[in-house]
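What follows is a short report on a single structure.
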Amino acid sequence: MGLELGKIKIKRFADGEIYVQLQESVRGCDVYLVQPTCPPANENLMELLIMIDACRRASAKNITAVIPYFGYARADRKTQGRESIAAKLVANLITEAGADRVLACDLHSGQSMGYFDIPVDHVHGQPVILDYLASKAICSDDLVVVSPDVGGVARARAFAKKLSDAPLAIVDKRRHAHNVAEVMNLIGDVRGKVAVMVDDMIDTAGTIAKGAALLHQEGAREVYACSTHAVFSPPAIERLSSGLFQEVIITNTIPVAEKNYFSQLTILSVANLLGETIWRVHDDCAGGFEPYSSLGID
C-alpha cells in the first residue's frame, strides 16, 4: 500500500497479561488492525481485542479488524448436544470490543459472516493460488480438481471453474474424532491426471494426506495440495513432506516458522490482495467489477 506501519507498543506483564499502548495519535483516523487469530489463538485473539479497545479509547473514527485467519471458525455450528458455537462468541467479542468492520480471508464457512452485527468483507485466497498455478503451464486436459471432503465441494467447484472448467473429483471420508480422518472412497476419475486438492486450511494434514494416498492408489500422476491457511499442527510437516505431494501451495495468512519449511512447500503472499481490498474499503469501492473481479470480494 506504500504506507508505514502505525506505531504500537505491546508487551506482557510478569503474569502474562497483555499491555497495549498506541505510540501515535489515531484521533479521527480510519484504523486497520492486521492480526490473524492463529496459534497461539487465545493470545492473538486477546491482543486483537485489546488493540481494538485501545483504538476506540483513543478516538479513532473507524476501526477495521483485518483478520487474515479467523480462529475458532470451525466451531460454527452444533453437531452434537451441549456444544458451544465459539465462532459466534468470538464475533461478539470483536464487535463489543469496538470494531466497526471486519475484513477476513477465506472463512471456514460462509455463514460465519452472519455471526457479526457489523459489516464483513470476505476475500478469498483463490486468485493468488490460481495465478501461481497458471504459471506452472500444466495442460488443462490433464487437470482434475479434488475436494478432500464433501463439505468442500462448492469451494472446489468454484476453483475448477477458474481452471478452464476442469473436472471435479470428491474424496468421501468418515471422521470419528476431531483431527482424525478416515478416507473411504473416491467419486470421480483421476487416472493419469494431475490432481489439485483444494481446501481452506491444512491443520494436522490427516485429511489431505490420506486423500493424496487414495489419489495415487487410483492412478493420479501427480498430486498438488492448495490451501489458504497453513495451521500446520504436528504431525502435519511429516505428512506433507512424505513424498505424496508434488507441491504444497499455501499463502501467508498464517506466519510459517522456518522450522516448518520443506522442499515441496511454496508460500504465496496475500499482501497485494489485502492491500487492494483495504484501499477499496477505504474508498467505498466495490470489488466485483472488471478488472478487479479477481479479488474475489464478497
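Pairs from the table (LYS88/LYS162; LYS61/LYS88; LYS210/LYS259; LYS173/LYS259; LYS78/LYS173; LYS136/LYS259) lying more than 28 angstrom apart at Cα are LYS88/LYS162; LYS173/LYS259.
Got a sec? Charge dipole of the range 69-195, +1 on Cβ for Lys and Arg, -1 for Asp and Glu; which of ALA169, LEU186, GLN126 is way out at the positive end? Among ALA169, LEU186, GLN126, the one farthest towards the positive end of the dipole of the range 69-195 is LEU186. Here the dipole of the chain is about 500 debye; that uses its Cα centre as origin and unit charges on the Cβ of Lys and Arg (positive) and Asp and Glu (negative). Shown here for the range 90-193: chymotrypsin sites (Phe, Trp or Tyr not before Pro) in loop regions (DSSP other than H, G, I, E, B) with at most 12 other Cβ atoms within 10 Å, of which there are none. Annotation: amide H of GLY125 within the under-5 Å range of ASP106, sequence separation 5 or more or interchain, hydrogens built in the peptide plane. Looking at the square roots a ≥ b ≥ c of the eigenvalues of the Cα gyration tensor of the range 48-147, which shape do they give, rounded for a/c under 1.5, prolate if a/b is larger than b/c, or oblate? In terms of gyration-tensor shape, oblate.
With the convex hull built on the Cα atoms of the chain, state its orientation-averaged projected area in nm².
16.9
Going by accessible surface with a 1.4 Å probe and the largest first, LEU33, LEU22 read LEU22, LEU33.
To the nearest 500 deg cm²/dmol, what mean residue ellipticity at 222 nm is calculated for the chain from DSSP H runs of n ≥ 4 alone, each contributing -39,500 (n - 2.57), summed and divided by the residues?
Value at 222 nm, helices only, nearest 500: -8000 deg cm²/dmol.
From the mean inverse distance of alpha carbon pairs (Kirkwood) and the Cα radius of gyration, derive Rg over Rh for the range 134-241.
Details: Rg = 13.0 Å, Rh = 13.8 Å.
So for the range 134-241, dividing Rg by the Kirkwood Rh gives 0.94.
Taking the empirical scaling 2.2 N^0.38 Å for compact globular proteins as reference, the range 98-174 has a Cα radius of gyration ratio of 1.35. Note on ASP189: accessible area is roughly 110 Å² with a 1.4 Å probe, heavy atoms of protein only.
Here the chain carries DSSP beta bridges of which approximately 25% are antiparallel, counting only pairs with both residues inside.
The values are calculated or read from the model by the stated rules, or taken from the named source; none is laboratory data. All values reported here derive from a predicted model rather than from experimental measurement. All Cβ positions, glycine included, derive from the backbone under ideal geometry; neighbour counts span all protein chains shown. Note: areas computed on protein heavy atoms with side chains; ligands, DNA, RNA excluded. Shrake-Rupley method; radii C 1.70, N 1.55, O 1.52, S 1.80 Å.
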